[in-house]
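Trainee: Below is a structure I'd like to ask you about.
The values are calculated or read from the model by the stated rules, or taken from the named source; none is laboratory data. Please read these numbers as outputs of a predicted model, since none were measured by experiment. Counting neighbours? That spans all protein chains shown, and the Cβs are built from the backbone with ideal geometry, glycine included. Note: accessible area is taken over every heavy atom of the protein model, side chains too, but ligands, DNA and RNA are not part of it. Shrake-Rupley method; radii C 1.70, N 1.55, O 1.52, S 1.80 Å.
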Amino acid sequence: MNLKVEVDVPKCVASGQCVMLAPEVFDQRDDDGMVILLDDTPPAELHDAVRESATVCPAAAIRLAES
Amino acid sequence: MSASSADTLRRVVIVGASAAGLTAAETLRRSGHTGTITLIGDEPAAPYDRPPLSKEILNGAWGPDRLPLRTEADLDALGLDTRYGRTAASLDRVARTVLLSDGTEVPYDGLIVATGVRPRRLPGAPAHTLRTLDDALALKGRLGPGRSLAVVGAGFLGAEAAAVAADLGTRVTLLEPASVPLAHAIGEDIGRVLAQAHLDHGVALRTGTGVTEVVSGGVRLDDGSVAEADTVLVAIGSRPNTEWLTGSGLTLDDGLVCDEFCAAAPGVYGAGDVARWHNPLFGTSMRVEHRTNAAEQGMAAARNLLGARQPFAPVPYFWSDQYDMKIRAYGYLRGHDEVRVVEGSLTDRKFLAVYRTGERLSGVLAIGMPPKSIRPWQRSIAAGAPWGGALSALAPSAEATA
Ligand SMILES: Cc1cc2nc3c(=O)[nH]c(=O)nc-3n(C[C@H](O)[C@H](O)[C@H](O)COP(=O)(O)OP(=O)(O)OC[C@H]3O[C@@H](n4cnc5c(N)ncnc54)[C@H](O)[C@@H]3O)c2cc1C
Ligand code: SF4
């Protein structure tokens, strides 16, 4: 299964939940803490952590498409 | 998920269709729950986000189309039995049914309570409150040059609304009974920093001023005088929506009382603003009205309903945008004994402050600091670090000035 990740940066509130859960996939900008997407098609072993990030993101800023 | 809970847990009912309820529903499906999930919410629309209501919606940067928490397609994929625009009127735990105000009975095997809070009001004439999309749109229509607004209560919500209103050219009076806004939550020094920001933006901040009622054309103050304003916003805190649980045998005490697993009773869980639970990380019962907690607790409640039995022990996270300040706080700051600024300066409104409760590090609050400065503190709080040890490891120079 493929998992495609998108982030809606203006929605991000810099909580850092995603970075804590999946540091291989998400980072935060230094100046304002906004999310940076490091890998938009993460490998299968990271899918659970990425799905959890999308669920807990307090700004609903992470969107996933599975194919 | 344990096999036994899968066998007996066919029908899950979630009451409250917002951040906590939706996250619970999504987590149930992701964890393999194949039975029905009924999501009951008294608002007419699909779940939407509230924090932007006092920020991007109120200042007009976003339209309501930016608010839904999930796309229609994502919601469809969850296969929910949604009952929007329906109100839960009571709970019968013996029959295991939720009774809706339209008379429908909804039976459940597992129940998640996520009914949130509603604004407290003042006596007297009608006034605005700010909790729903309709509230935000109604208030937005009253802001702008040539208009005046009195905001009662300088908590985070009142402060955000005052900031947006002032930025839009509204003449704003911000009324607060305490001598320093938010002092009990974030400490006097930082409360003063936020107060100064209001003054710098032309807001008439009146501290030490209680309001007794809303009158036509303004509000009556506790000295009997009237502060005039075309529009009044009452932002004096909230009450948990637990009336529908009265008589159910569940413990209600400023929220639905839950244990460290978010359980209120066998098969009944609470999540989000409505839930008061025991957070083992801080060793205390807490109820937090924070957006991140709603999602994390919705997830925890769903997993524990399915049998995970994991204690819910988060470091709460809160943010607030006021003027050009982005305030971010991790931890449980309430009831702290000491605040210390370890980086930056209060006068620049760019700093990192840490909080001590008893002998431990209990919180960190930052304005305008990079995540990499905040994160080590956040980790130390999550690890239950002692105050002295955390300071000497993370801010040796601040410790020396103690
Ligand atoms: C204007 C505003 C700004 C905010 N800004 C921030 C912020 O910057 N940072 C932050 O961390 N948090 C912020 N918050 C708080 C955050 O929005 C809440 O913590 C979050 O919405 C809680 O989600 P919830 O699902 O627990 O409850 P709610 O969002 O309150 O949802 C509960 C739902 O249940 C419904 N309901 C209640 N009773 C019943 C019933 N009997 N039957 C059926 N349905 C019922 C309610 O109508 C509501 O739709 C803000 C809140 C507001 C209002
Ligand atoms: S979890 Fe969401 S809000 Fe938090 S940093 Fe990641 S994208 Fe931003």
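Trainee: So, of the residues in region B:222-250 that are hydroxyl-bearing (Ser, Thr, Tyr) and within 25 Å of B:Phe156 (Cβ to Cβ), which turns out to be nearest to the chain's Cα centre (by Cα)?
Mentor: B:Ser238
Trainee: If you don't mind, there's one more thing I want to ask. Among the residues of region B:113-131, write down those that are over 30 Å from B:Ser216 (Cα atoms) and either outside any strand (DSSP E or B) or hydroxyl-bearing (Ser, Thr, Tyr) (or both).
Mentor: Of everything in region B:113-131, those that are over 30 Å from B:Ser216 (Cα atoms) and either outside any strand (DSSP E or B) or hydroxyl-bearing (Ser, Thr, Tyr) (or both) turn out to be B:Ala114, B:Thr115, B:Gly116.
To keep it simple, each residue is scored yes or no on (1) among the aliphatic types (A, V, I, L, M); (2) within 16 Å of ligand 2 (Cβ to nearest atom); (3) within 14 Å of chain A (Cβ to nearest Cβ).
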residue	(1), (2), (3)
B:Val214	yes, no, no
B:Gly217	no, no, no
B:Val234	yes, no, no
B:Leu245	yes, no, no
B:Asp254	no, no, no
B:Ala265	yes, no, no
B:His278	no, no, no
B:Val288	yes, no, yes
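Trainee: Determine, yes or no, whether B:Val339 is away from ligand 1 (no atom under 11 Å from the Cβ), open to solvent by 10 Å² or more (accessible area, probe 1.4 Å), part of a strand (DSSP E or B) and β-branched (Val, Ile, Thr).
Mentor: It is true that B:Val339 is away from ligand 1 (no atom under 11 Å from the Cβ), open to solvent by 10 Å² or more (accessible area, probe 1.4 Å), part of a strand (DSSP E or B) and β-branched (Val, Ile, Thr).
Trainee: Go through (1) in contact with a helix residue (DSSP H, G or I) (Cβ under 8 Å, 6 or more places away or on another chain); (2) open to solvent by less than 20 Å² (accessible area, probe 1.4 Å); (3) among the polar types (S, T, N, Q) and name the single condition B:Ser238 misses.
Mentor: That leaves (2) as the condition not met.
Trainee: Please report, ordered by residue number, the strands (runs of 3 or more DSSP E) entirely within region B:245-301 with at least 1 residues that are surrounded by fewer than 24 Cβ atoms within 10 Å (Cβ to Cβ).
Mentor: B:256-258, B:263-265, B:275-279, B:284-286
Trainee: Okay, moving on. Can you tell me which residue is nearest to B:Ala45 (Cα to Cα) among those in region B:141-151 that are in contact with a Leu (Cβ under 7 Å, 6 or more places away or on another chain) and crowded, with 18+ Cβ neighbours inside 10 Å?
Mentor: B:Leu143
Trainee: Looking for whichever is within 14 Å of another protein chain (Cβ to nearest Cβ) and near ligand 1 (Cβ under 8 Å from one of its atoms) here; the options are B:Asp74, B:Asp49, B:Asp65. Which one fits?
Mentor: B:Asp49
Trainee: Right, here's the next one. For region A:2-20, name all the residues that are within 28 Å of B:Ser380 (Cβ to Cβ) and either open to solvent by less than 60 Å² (accessible area, probe 1.4 Å) or not aliphatic (A, V, I, L, M) (or both).
Mentor: Scanning region A:2-20 gives A:Val7, A:Cys12, A:Val13, A:Ala14, A:Ser15, A:Gly16, A:Gln17, A:Cys18, A:Val19.
Trainee: Still on this structure, please answer the following. Consider region B:358-402. How many of its residues are out of contact with any strand residue (DSSP E or B) (no Cβ under 7 Å at 6 or more places or on another chain), farther than 18 Å from B:Asp337 by Cα and among the hydroxyl-bearing types (Ser, Thr, Tyr)?
Mentor: Result for region B:358-402: 2.
Trainee: Would you check which residues across region B:46-63 are of a type outside the set (A, V, I, L, M, F, W, C) and surrounded by 15 or more Cβ atoms within 10 Å (Cβ to Cβ) and list them?
Mentor: B:Pro47, B:Tyr48, B:Asp49, B:Arg50, B:Pro51, B:Pro52, B:Ser54, B:Lys55, B:Glu56, B:Asn59
Trainee: Among the residues in region B:37-45, are any surrounded by fewer than 16 Cβ atoms within 10 Å (Cβ to Cβ) and away from ligand 1 (no atom under 12 Å from the Cβ)?
Mentor: No, region B:37-45 contains no residue that is surrounded by fewer than 16 Cβ atoms within 10 Å (Cβ to Cβ) and away from ligand 1 (no atom under 12 Å from the Cβ).
Trainee: Pairs, please: C-beta under 7 Å, at least 6 apart or cross-chain, first residue in a helix (DSSP H, G or I) and in region B:10-24, second within 9 Å of ligand 1 (Cβ to nearest atom) and charged (D, E, K, R)?
Mentor: B:Ala19/B:Arg291
Trainee: A further question on this structure: Would you pick out the residues in region B:79-112 that are part of a loop (DSSP other than H, G, I, E, B) and closer than 23 Å to B:Ala46 by Cβ?
Mentor: Hits for region B:79-112 are B:Gly79, B:Leu80, B:Gly85, B:Arg86, B:Thr87, B:Ser101, B:Asp102, B:Thr104, B:Tyr108.
Trainee: Among the listed residues B:Gly217, B:Gly272, B:Gly249, B:Gly255, which satisfies the condition of being on the phi > 0 side of the Ramachandran plot and not assigned by TED's automatic domain parsing to the domain that holds B:Asp102?
Mentor: After ruling out the rest, the residue left standing is B:Gly217.
Trainee: A further question follows. Taking the options B:Gly307, B:Gly331, name whichever one is open to solvent by 20 Å² or more (accessible area, probe 1.4 Å), modelled with pLDDT of 95 or more and among the small types (Gly, Ala, Ser).
Mentor: B:Gly307
For (1) within 12 Å of the chain's Cα centre (by Cα); (2) under 20 Å from B:Pro316 (Cα atoms); (3) more than 16 Å from ligand 1 (Cβ to nearest atom), each residue gets a yes or a no:
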| site | (1), (2), (3) |
| --- | --- |
| A:Val7 | yes, no, yes |
| A:Val13 | no, yes, no |
| A:Arg29 | no, no, yes |
| A:Met34 | yes, yes, no |
| A:Pro43 | no, no, yes |
| A:Leu46 | yes, no, yes |
| A:Ala59 | yes, yes, no |
| A:Arg63 | yes, no, yes |
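Trainee: Now for a separate question. What's the total number of residues in region B:159-189 that are in a loop (DSSP other than H, G, I, E, B), more than 12 Å from B:Asn59 (Cα to Cα) and of a type in the set (A, V, I, L, M)?
Mentor: Within region B:159-189, residues that are in a loop (DSSP other than H, G, I, E, B), more than 12 Å from B:Asn59 (Cα to Cα) and of a type in the set (A, V, I, L, M) number 3.
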